[in-house]
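Taking it in order: structure first as structure tokens, then the write-up.
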Amino acid sequence: MKNDEEKLTILVVDDSDMIRSSLKIFFSDYNIKVITSNDGLDGIQKAVKYKPSLIFLDLMMPSFDGIKMLQVVKVLDDIKLIPVIVISGNTNRTNVIASLEAGAERVISKPLKKAVLLKNINEILGGDFLKEAKKITHNLNINKNEIALKLTESFLKTFPEKKRILESSLQNHNENKIKNIAHELRGEGGMIGIQKLSSLGGLIEDHFTGENINWNKIRTMCDQVFAIVSNLEELNLKKME
């Protein structure tokens, strides 16, 4: 049996609070230490410090993105052999090729699915990796509804700041900030089971890849996002009553 200091360690680098929370919940069934970071530079520092067995890395982060972090990780002798799984809400051919060329072992799409996580982790680290990570018995019977509620609460807690940034960025036509938030929504919507929210995030993000930006259309889609979240807040309050 491993003590706390001998626990297997996994590093999650993603600027989405909800993605970090969902992976912590996933690994709570195992005797695995989960270290998190919301920025590529901080992620590099934590990779050097903790030398994890595996890194989960988001591509799109505002300060120092996933590709840059991956490129740095793969040239540092102490950590260059650590396998990296890229997780992204936008796994188009360009992103997949860029990730693999930078040294990623795999690229998987958000929203993250338990079966896909298990398959990729076991294929990369060996079929007995998770079996050898002792299960924590008091977490085995976590109710799926409880997990969904926790993820929804985490999303709703952080959304007011996202809304503030979106509204300000719509006024200032700040493309990058809107794209960053849309990218987060693309992944988070699926995690909480609101596919329409995920689809809108994808549509907003993809709209900026074209030559002509229709700001009225972007505003309309953002208003739809606000309406969906408002309804979600009302439903969540009723569940808690």
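The values are calculated or read from the model by the stated rules, or taken from the named source; none is laboratory data. Owing to the predicted nature of the structure, the values given are computational and were not obtained by experimental measurement. Positions of Cβ are backbone-derived with ideal geometry, glycine not excepted, and every protein chain shown enters the neighbour counts.
If you go through segment 27-60, how many residues are in a loop (DSSP other than H, G, I, E, B) and touching a residue at least 60 places away in the same chain (Cβ under 8 Å)?
Summing the residues that are in a loop (DSSP other than H, G, I, E, B) and touching a residue at least 60 places away in the same chain (Cβ under 8 Å) in segment 27-60 gives 5.
Here is a check on your reading of the model: is S28 surrounded by fewer than 18 Cβ atoms within 10 Å (Cβ to Cβ) and either more than 23 Å from E184 (Cα to Cα) or touching a helix residue (DSSP H, G or I) at 6+ places or on another chain (Cβ under 7 Å) (or both)?
For S28, the condition - surrounded by fewer than 18 Cβ atoms within 10 Å (Cβ to Cβ) and either more than 23 Å from E184 (Cα to Cα) or touching a helix residue (DSSP H, G or I) at 6+ places or on another chain (Cβ under 7 Å) (or both) - is met.
Condition first: more than 26 Å from S109 (Cβ to Cβ) and among the small types (G, A, S). Now tell me which residues in segment 202-226 satisfy that.
none
Could you please find all residues in segment 31-56 being touching a helix residue (DSSP H, G or I) at 6+ places or on another chain (Cβ under 6 Å) and closer than 23 Å to G193 by Cβ?
The answer is V34, T36.
One line per residue, one yes/no per condition, for (1) basic (K, R); (2) touching a Leu at 6+ places or on another chain (Cβ under 7 Å); (3) at pLDDT 95 or above:
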| site | (1), (2), (3) |
| --- | --- |
| S22 | no, yes, no |
| I32 | no, yes, no |
| N38 | no, no, no |
| A47 | no, yes, yes |
| F56 | no, yes, yes |
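Starting from residues that are at pLDDT 85 or above and polar (S, T, N, Q), keep the ones in segment 94-152 and report whichever is nearest to the chain's Cα centre (by Cα).
S109
As an exercise: evaluate I79 against (1) surrounded by fewer than 16 Cβ atoms within 10 Å (Cβ to Cβ); (2) over 24 Å from A182 (Cβ atoms) and give the number of the one condition it does not meet.
The single condition I79 does not satisfy is (1).
For residues that are part of a helix (DSSP H, G or I) and more than 24 Å from the chain's Cα centre (by Cα), scanning just segment 202-234, find the one that is surrounded by the most Cβ atoms within 10 Å (Cβ to Cβ). Spell out how you get there, then give the answer.
Within segment 202-234, the first condition is being part of a helix (DSSP H, G or I), and the residues that meet it are 202-207, 215-234.
Subset that is more than 24 Å from the chain's Cα centre (by Cα): 215-217, 219-220, 234.
Working: W215: 12, N216: 7, K217: 12, R219: 14, T220: 11, E234: 10.
The qualifying residue surrounded by the most Cβ atoms within 10 Å (Cβ to Cβ) is R219.
If I ask for residues that are hydroxyl-bearing (S, T, Y) and outside any loop (DSSP other than H, G, I, E, B), which ones from segment 87-115 would you list? Break it down stepwise before answering.
Here is the first cut: in segment 87-115, the ones hydroxyl-bearing (S, T, Y) are 88, 91, 94, 99, 109.
Hits for segment 87-115 are S88, T94, S99, S109.
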